[in-house]
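Student: Sharing a structure below in structure tokens format, with a few things to ask.
The values are calculated or read from the model by the stated rules, or taken from the named source; none is laboratory data. Computed from a predicted model, the values in this text were never measured in an experiment. All Cβ positions, even for glycine, are placed from backbone atoms using ideal geometry, and neighbour counts span all protein chains on display.
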Amino acid sequence: MGGFRIIEDGASADYEFEATAGTLPELFAVCGQATFAAMTAIEKVRAELDIEFEIQAATLEELLYSYLSELVFIKDTRKLFLSEFVIAIDDRFRLTCRARGELIDDNKHEIRTDVKAVTYHLLKITKVAGGYRAHVILDL
């Protein structure tokens, strides 16, 4: 699986990252991890609860936006931190996700910041040597 790096010189009210992976499903999983890494130390989030959902979009960028927005919605409505993501994407830009995590516990989890929304600003997925790269900005 790939990884991500935080882009430190972005706007102070945003969390900007670049993710890389060998396949599109891996890239989306890494983007999910990066999103929750903005909020907490995901290595401390146990995979106790399963969440599954499916979304569809017209383009890969719209699919990434919708996927990350759904993760933020799940965090807000179900009060969950997620740490593991299994993604499938078909050729019609339909994504299925199985994510695992646990209820947010202020006594256990380090609360770093709250992600309010995903932005379209500079959102991009690029095919690169060895796989894919995504650029994402989250509104804090």
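Student: Taking the conditions exactly as written (β-branched (Val, Ile, Thr), more than 21 Å from residue 139 (Cβ to Cβ) and in contact (Cβ under 8 Å) with a residue 40 or more places away in the chain), does residue 35 satisfy them or not?
Tutor: Answer is no for this residue.
Student: Hey, another quick one. Output the number of residues of the stretch 16-34 satisfying the condition of being in contact with a Lys or Arg (Cβ under 9 Å, 6 or more places away or on another chain) and either among the hydroxyl-bearing types (Ser, Thr, Tyr) or surrounded by fewer than 19 Cβ atoms within 10 Å (Cβ to Cβ) (or both).
Tutor: 2
Student: Something else about it: Anything in the stretch 70-87 that is crowded, with 17+ Cβ neighbours inside 10 Å and of a type outside the set (Asp, Glu)? List them, or say none.
Tutor: Result: 71, 72, 74, 75, 80, 81, 82, 83, 85, 87.
Student: Looking at the stretch 123-136, is at least one residue outside any loop (DSSP other than H, G, I, E, B), in contact (Cβ under 8 Å) with a residue 24 or more places away in the chain and on the phi > 0 side of the Ramachandran plot?
Tutor: Yes, the stretch 123-136 has at least one match.
Student: Quick one: which of 87, 111 is of a type outside the set (Phe, Trp, Tyr) and at pLDDT below 95?
Tutor: 111
Student: Let me ask you something else. From 61, 52, 70, 48, which residue is without any contact (Cβ under 8 Å) to a residue 40 or more places away in the chain and charged (D, E, K, R)?
Tutor: Going through 61, 52, 70, 48 in turn, the sole match is 70.
Student: Oh, and also: Applying the selection to the stretch 57-69, what residues are surrounded by 13 or more Cβ atoms within 10 Å (Cβ to Cβ) and either over 20 Å from residue 132 (Cβ atoms) or polar (S, T, N, Q) (or both)?
Tutor: Across the stretch 57-69, the qualifying residues are 66, 69.
Student: Considering each residue of the stretch 4-41, count those that are of a type outside the set (S, T, N, Q) and either out of contact with any strand residue (DSSP E or B) (no Cβ under 9 Å at 6 or more places or on another chain) or over 18 Å from residue 67 (Cα atoms) (or both), and give that number.
Tutor: 11
Student: Which residues, taken from the stretch 108-119, are under 14 Å from the mean Cα position of the chain (by Cα) and of a type outside the set (S, T, N, Q)?
Tutor: Residues satisfying the conditions are 114, 115, 116, 117, 118.
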